[in-house]
Amino acid sequence: MTILTLPGTSIFESLESEVRSYCRNWPTVFDTARGSWITDESGREYLDFFAGAGSLNYGHNNPVLKRALLSYLERDGITHGLDMSTTAKRSLLETFEDTILRPRGLPYKVQFPGPTGTNAVESALKLARKVTGRESIVSFTNAFHGMTLGSLSVTGNAMKRAGAGIPLVHSTPMPFDNYLGAGANDFEWFTRLLDDTGSGLNRPAAVIVETVQGEGGVNVARPEWLRALADLCRNREILLIVDDVQMGCGRTGPFFSFEVAGIQPDIVTLSKSIGGYGLPLALTLFKRELDVWSPGEHNGTFRGNNPAFVTARVALEQYWSDDHLEKSVLDKGEFLEHTLAELARGFRGVSSRGRGLVRGLAFEDASQAGKVAQYAFEHGLLVETAGPQDEVVKLLPPLTTTQDELEHGLGILIDATVTVCAGQEA
Ligand code: PMP
């Protein structure tokens with residue numbers, strides 16, 4: 001049978017599934033990209049404050065990583081390696097230990113769980129259940145952990161959950177920081193349920209948490225809240241999983257987003273920017289005594305993405321051998337914080353939030369966030385919306401974005417907000 005592309009429609013509409021999403025908000029065909037800029041087929045350039053949903057912390061086609069990748073391919077370095085030992089994997093593991101784990105005193109082993117964030121989350125949940133012999137997991141309101149069934153069961157969003165088509169079980173949501181508003185006593189509900197044999201809460205194997213909920217609307221957990229959660233887990237022998245898939249690799253400043261709280265999670269998931277170049281790679285890190293896997297008990301074909309091992313290693317060498325990047329993320333983050341707070345103060349029903357280089361502009365009228373994002377696109381800036389009602393415009397620029405680029409992007413965002421919120425001036 002020949003499938004015809006109808007006049008006026010594109011191959012994307014006629015052949016690609018209705019499930020596609022980002023392309024609907026940014027209706028153009030992208031072709032090339034470099035640094036913080038992405039260019040469409042007509043040559044129009046957009047400043048990219050989306051950065052592959054946090055997978056491009058070092059920018060598009062970062063020249064240092066590209067050079068390493070090209071020379072690796074040129075010399076016929078292994079591309080696909082399952083979990084065989086390779087030169088590229090050894091170099092990455094050594095660099096990760098020397099640059100990231102040892103300086104932070106983190107006693108983790110490293111698992112390659114498959115290349116996506118949800119692969120890392122699934123392996124973390126399985127391991128927590130295997131170690132403890134318990135089934136249930138505690139997650140948080142507005143959490144996002146991925147689209148496979150285990151990850152969906154600890155994800156909040158009703159639309160995404162409904163996509164599972166079967167009951168999502170063995171998980172219980174608890175209020176994230178500030179969910180019940182200022183003044184609520186942190187963890188009062190959780191501890192009461194844990195301590196009350198009549199509560200109906202099964203003793204959980206683990207708690208899974210994002211330190212800043214990216215997809216959930218840029219909700220920031222306070223360091224003291226994270227510390228209290230870590231204490232609660234330790235005191236009751238519940239494993240603490242920090243899902244750092246989006247907020248890790250320097251997005252909030254330090255390499256791991258939990259460093260600000262001085263906690264040491266039992267299990268950590270990493271993906272998105274760990275590959276450095278936008279190549280798929282994920283890591284599950286866990287304390288050594290938790291390494292109870294049997295050989296091959298959790299395997300998969302694409303755990304050995306060796307080109308990504310190369311770009312991951314070079315990114316660590318380039319950006320994490322000293323604290324330059326961390327400091328510049330914190331400085332630029334502060335600049336964004338001030339600018340967005342001032343913008344938000346100018347309008348009723350608008351507020352700002354975030355940490356480091358993940359920032360949100362929240363609109364009480366959720367439709368305004370979509371309008372701001374659309375205006376931004378039309379004026380050359382890519383920003384996405386997040387939150388249960390898509391009420392938050394989310395800024396996720398590459399960490400390598402220059403001050404000039406930040407100011408340029410913010411200029412468009414300010415114009416967009418002024419236009420969309422006309423009549424709401426405070
Ligand atoms: N965890 C978090 C915190 C995420 O933000 C995401 C992706 N947005 C995932 C897990 C899932 O990652 P992936 O889409 O690569 O499966």
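Worth a mention:
- Unique match (being closer than 23 Å to Gln264 by Cβ and either within 16 Å of the ligand (Cβ to nearest atom) or open to solvent by less than 40 Å² (accessible area, probe 1.4 Å) (or both)) among Ala221, Ala164: Ala221
- Which listed residue, of Val372, Val418, Val314, Val329, is part of a helix (DSSP H, G or I), at pLDDT 95 or above and touching a strand residue (DSSP E or B) at 6+ places or on another chain (Cβ under 7 Å): Val372
- Contact map, segment 113-124: first residue assigned by TED's automatic domain parsing to the domain that holds Ile208, second residue in a helix (DSSP H, G or I) and more than 8 Å from the ligand (Cβ to nearest atom), Cβ cut-off under 6 Å, separation 6 or more or different chains; pairs are Pro113/Ser123; Glu122/Gly150.
- The numbered conditions (1) out of contact with any helix residue (DSSP H, G or I) (no Cβ under 7 Å at 6 or more places or on another chain); (2) in contact (Cβ under 8 Å) with a residue 24 or more places away in the chain; (3) open to solvent by 50 Å² or more (accessible area, probe 1.4 Å) are all true for Glu135 except (1).
- Criterion: surrounded by 24 or more Cβ atoms within 10 Å (Cβ to Cβ), acidic (Asp, Glu), touching a strand residue (DSSP E or B) at 6+ places or on another chain (Cβ under 8 Å) and under 21 Å from Gly133 (Cβ atoms) - qualifying residue of Asp243, Asp291, Asp266: Asp266
- Among the residues making up segment 172-183, those that are part of a loop (DSSP other than H, G, I, E, B) and either open to solvent by 70 Å² or more (accessible area, probe 1.4 Å) or more than 15 Å from the ligand (Cβ to nearest atom) (or both) are Pro175, Asp177, Asn178, Tyr179, Leu180, Gly181, Ala182, Gly183.
- Residue count, segment 376-415 (criterion: touching a residue at least 60 places away in the same chain (Cβ under 8 Å), acidic (Asp, Glu) and not in a helix (DSSP H, G or I)): 2
- Out of Val169, Val154, sole residue that is in the same structural domain as Trp225 (by TED's automatic domain parsing), more than 21 Å from the chain's Cα centre (by Cα) and either within 13 Å of the ligand (Cβ to nearest atom) or hydrophobic (A, V, I, L, M, F, W, C) (or both): Val169
- Selected residue [away from the ligand (no atom under 14 Å from the Cβ) and modelled with pLDDT of 95 or more] from Leu149, Leu127: Leu127
- Every residue from segment 105-142 that is part of a helix (DSSP H, G or I) and over 23 Å from Ser55 (Cβ atoms): Lys126, Leu127, Ala128, Arg129, Lys130, Val131, Thr132
- Looking across Val242, Val220, one residue alone is more than 13 Å from Val207 (Cβ to Cβ) and of a type in the set (A, V, I, L, M). It is Val220.
- Within segment 192-218, residues that are without any contact (Cβ under 8 Å) to a residue 40 or more places away in the chain reach no partner that is within 16 Å of the ligand (Cβ to nearest atom) with beta carbons closer than 8 Å at six or more positions or on different chains.
- Taking first residues from segment 77-103 that are in the same structural domain as Phe258 (by TED's automatic domain parsing) and open to solvent by 20 Å² or more (accessible area, probe 1.4 Å) and partners that are of a type in the set (D, E, K, R) and at pLDDT below 95, no Cβ contact under 8 Å between residues at least 6 apart in sequence or on separate chains turns up.
- Qualifying residues in segment 27-39 (those that are out of contact with any His (no Cβ under 9 Å at 6 or more places or on another chain), of a type outside the set (A, V, I, L, M) and outside any strand (DSSP E or B)) - the one surrounded by the fewest Cβ atoms within 10 Å (Cβ to Cβ): Pro27
The values are calculated or read from the model by the stated rules, or taken from the named source; none is laboratory data. These numbers come from a predicted model, not from an experiment. Every residue, glycine as well, gets a Cβ built from its backbone with ideal geometry; the counts of neighbours run over all protein chains shown. Surface areas here come from the heavy atoms of the whole protein model, side chains and all, with no ligands, DNA or RNA. Shrake-Rupley method; radii C 1.70, N 1.55, O 1.52, S 1.80 Å.
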